[in-house]
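A short worksheet on the structure shown next.
The values are calculated or read from the model by the stated rules, or taken from the named source; none is laboratory data. Since the model is a prediction, treat every value here as computed from it, not as a measurement. FYI the Cβ positions are ideal-geometry reconstructions off the backbone, even for glycines, and counts take in every protein chain you see. All accessible areas refer to the heavy atoms of the entire protein, side chains included, with ligands and DNA or RNA removed. Shrake-Rupley method; radii C 1.70, N 1.55, O 1.52, S 1.80 Å.
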Amino acid sequence: MQLRQGDPWPDLFRACQHEAFHLELRDSYAEPYESEPFRRFLEGEPELSDPSPEWRALVRETTARGVAMSRVRVVTVPLTDYQRWLLSVTHYNVDAGDDIRYVPRHLVKGDDVPQDDWWLFDGQLVVFNVSDEEGKPTDPVSTTDPGIAEYCRTVKQRLWQLATPFAEFNGVHGGQ
């Protein structure tokens, strides 16, 4: 395992050649840059703008090179406030080229998914999103261990088959 300090994401995406897949398993996250947009959502205030334009620029840059970006979000239904907010801003990612799909948690057996979120780059490099006790992100950890990469490819394939595309999921759950 390798600790990746600082902000390794731009370099990881720029090195990716074919596919970047993200598995998200938490019903809420404590990303500092999301605090104000999330507060506005909870208070019923209008959205001011894209909450993460730098990320969307990286998604557009990556997909413009022909790299497929996708993710599966395993979520509890009914959605938590955080997931309702995230669903309301997911169109920014989708419009940038990220294929985002959802799996209701009750459709997944506990041993079918890992405990941690991760990115899988080109089917070989696994980068775990690590959080502290309060849910705030810390430095990610990566590995190219073939067994771990194979496990992640298997999880991805299994969950992708169960997943509902964003537009369809939003049509059903967007007004919760």
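A few notes on this one:
- Looking only at residues in the range 74-92 that are modelled with pLDDT of 95 or more and touching a Pro at 6+ places or on another chain (Cβ under 7 Å), the one that is least open to solvent (accessible area, probe 1.4 Å) is V75.
Yes/no matrix, rows are residues, columns are (1) touching a strand residue (DSSP E or B) at 6+ places or on another chain (Cβ under 7 Å); (2) closer than 22 Å to A96 by Cα:
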{"site": "L42", "(1), (2)": "no, no"}
{"site": "P53", "(1), (2)": "no, yes"}
{"site": "R65", "(1), (2)": "no, yes"}
{"site": "R73", "(1), (2)": "yes, yes"}
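- Listed conditions (1) under 13 Å from the mean Cα position of the chain (by Cα); (2) surrounded by fewer than 17 Cβ atoms within 10 Å (Cβ to Cβ) are all met by N129, apart from (2).
- Taking the criterion of being among the charged types (D, E, K, R), in contact with a Phe, Trp or Tyr (Cβ under 9 Å, 6 or more places away or on another chain) and either in a helix (DSSP H, G or I) or open to solvent by less than 70 Å² (accessible area, probe 1.4 Å) (or both), the only residue of the range 41-53 that qualifies is D50.
- Residue match in the range 14-30 (condition: more than 17 Å from D117 (Cβ to Cβ), part of a helix (DSSP H, G or I) and open to solvent by less than 70 Å² (accessible area, probe 1.4 Å)): yes
- Residues of the range 93-118 that turn out to be modelled with pLDDT of 95 or more, more than 15 Å from R26 (Cα to Cα), open to solvent by 20 Å² or more (accessible area, probe 1.4 Å) and out of contact with any Phe, Trp or Tyr (no Cβ under 6 Å at 6 or more places or on another chain), as a count: 3
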